[in-house]
1. Along the Cα→Cβ direction, 7 angstrom out, place labels at A:N336 and A:S415. What is the inter-label distance in nm?
2. What figure, in Å² to the nearest 10, do you get for the accessible area of A:K320 with a 1.4 Å probe and non-protein molecules left out?
3. Highest mean first, what order results for A:344-350, A:296-302, A:355-361 on Cβ atoms within 10 Å?
4. Give me the compactness ratio for segment A:148-299, meaning the Cα radius of gyration over 2.2 N^0.38 Å.
5. Applying a 10 Å radius around every beta-carbon, put A:146-155, A:373-382, A:303-312 in order of their mean neighbour count, most first.
6. Kindly give the semi-axes, whole Å and largest first, of the ellipsoid equivalent to segment A:433-495, taking each as the square root of 5 times a Cα gyration tensor eigenvalue.
7. Under 8 Å for C-alpha pairs, at least 6 residues apart: give me the relative contact order for segment A:174-241, rounded to a whole percent.
8. So how exposed is A:E189, as accessible area in Å² (1.4 Å probe, rounded to 10)?
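The values are calculated or read from the model by the stated rules, or taken from the named source; none is laboratory data. Values in this document were obtained by computation on a predicted structure and should not be read as measured data. All Cβ positions, even for glycine, are placed from backbone atoms using ideal geometry, and neighbour counts span all protein chains on display. Areas reflect the complete protein model, heavy atoms only, side chains present, ligands, DNA and RNA absent. Shrake-Rupley method; radii C 1.70, N 1.55, O 1.52, S 1.80 Å.
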Amino acid sequence: MPFLIISPSQQHSIFSISPLISTVQPLLNNTLKPLHRTQIDFALIKTQSLTKQSCNLYLDNKGTVNSQWQDILEAIKASSTLQNLEISRIIEQNGGFKTISDFNHLLISLVLADEFELALKLSSLSYALAPDVNTYSIWVSLYCKKNDPETAKSILGNMLKDGFQPKVATFTTLINTFCKGGKLQKAYEVFDVMGQIGCEPTIYTYNCLLKGLCFVGRVEEAYELLLNIKKSNKKPDLYTYTAVMDGFCKVGRSNEALELLEEALEMGLIPNVVTYNTLFNGYFKEGRPLDGIKLLKKMKKQNCVPDHITYSTLLHGLLKWGKIRAASKIYKEMLNHDFEVDGRIMNSLLRGLCRQSRKEKEMLKDAYQVFERMQSRMLVVDPVGYELVIEAFCSGKELDKALESLYEVVRIGYSPKAFTFSNVIRVLCLEGKVDKALLVFILMLKVGKSPSSVPFSLLINELNQQRKPLTACYLYGVALKSGVVPRNKPEVYMRGNEVFNPGSVLIPLSLCAFS
DNA sequence: GCGTAAAACT
């Protein structure tokens, strides 16, 4: 049986994938149906948003799944112990690959589906076929996708050695992979090879280099490259501009990014949501939240629809720079557009709204709504968020909500600050709910907070008002025992002719140990 | 003959 023609260099880089070890009889015993020639519809594969399963890998003319290949691939995938020879046999039994093109089709669909190991396994087998320029190209893109540009580069080297002329796309893919990893030197090496063999770069190629330069902070060089591109016969596109704009934004030069936007507009390029998002990013990085808002207006005016990233960036940026009111507006807009808001951002919005509502009472409602939504979505409210929301409930006289949240936060295991307890106690006392206030006080002691004179004073004052001197005295005693002198003292009052002297009960009560 | 490039938070 003839074997795949393998050049020595290939043998090293591609075919050294170590084969699998022991046998799997059950699979071999399966009577597999004879294999039909199948046609892959690439468009279909792409639009059907491939899952990582190989069931969508090999489709027939009508776009329905061809079960023969599916079975084979699944079997090979499932078995980590199948030997190459056996896999070859299965493939042969099913008709094998008639042409290298057949093989390439399968290979590319595997790569598209991120089935790299399976693709390599199949590549390591022997067929009566010689790899062609496409096979090599697919291998290069495979290793690029695996983020292994070094191996990809060596394959490209072999390709050249074997007299194949790689396409621009192949070079570009490799350059891009090096650039993404910040290996500009390597990327330029590949770029040079292109020049040597007379493969002309496209705007794609330049865009990758631009992105790479910006990624490693070499914005000046990126800008110079842009100038050179403009001088050349290549036409910069939106990607070109966006890449350099992003570079400027990342180093806090969003004004220059904006200039580039104007330039792009003059060239007839229509900025899209990514372009705008890039600018938003720059503005918020630099602390120009209001410019961000202006840009949003401009963006909408130009019929560019904000996406989830736009809103998240805006929300995050506005909160970062304390623009709570604007942030709240954006948040509502997001909900109107059915965008989910990230839990952490919501938590920081909640905190911002609560803090802001100290000055602007009308924001309390917004804060409550955010809190309720977070609860209904089971999103995490951090300890500070809870303290603030309890404070907000207090200041909005939402006593039940305040109590509920206080109990909840204790139940979760956080220990709110004494200030928070005092706050709740204050509002409860104001509303005359001294019994509930006392329960809160007990809870406060239970979680180990040592009360200052404030809660004592609040409670004693209210107990005095309600003519409950015994409890007031009791508390007074507890206060003194713990070294705190409340501002209010239990009040003596008259019933008929009798004078109650709280002092008489002070002594025994103050001896009570509090635990 | 098939394929190549983009933005935010965490």
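1. Reported label-point gap for A:N336 and A:S415 is 4.6 nm.
2. 120 Å²
3. The most tightly packed comes first, giving A:344-350, A:355-361, A:296-302.
4. Working: Rg = 17.1 Å, N = 152, 2.2 N^0.38 = 14.8 Å.
Taking the Cα Rg and dividing by 2.2 N^0.38 Å, one obtains 1.15.
5. By packing density, highest mean first, the sequence is A:146-155, A:303-312, A:373-382.
6. 19, 13, 8
7. 33 percent
8. In the full protein context, A:E189 sits at about 70 Å².
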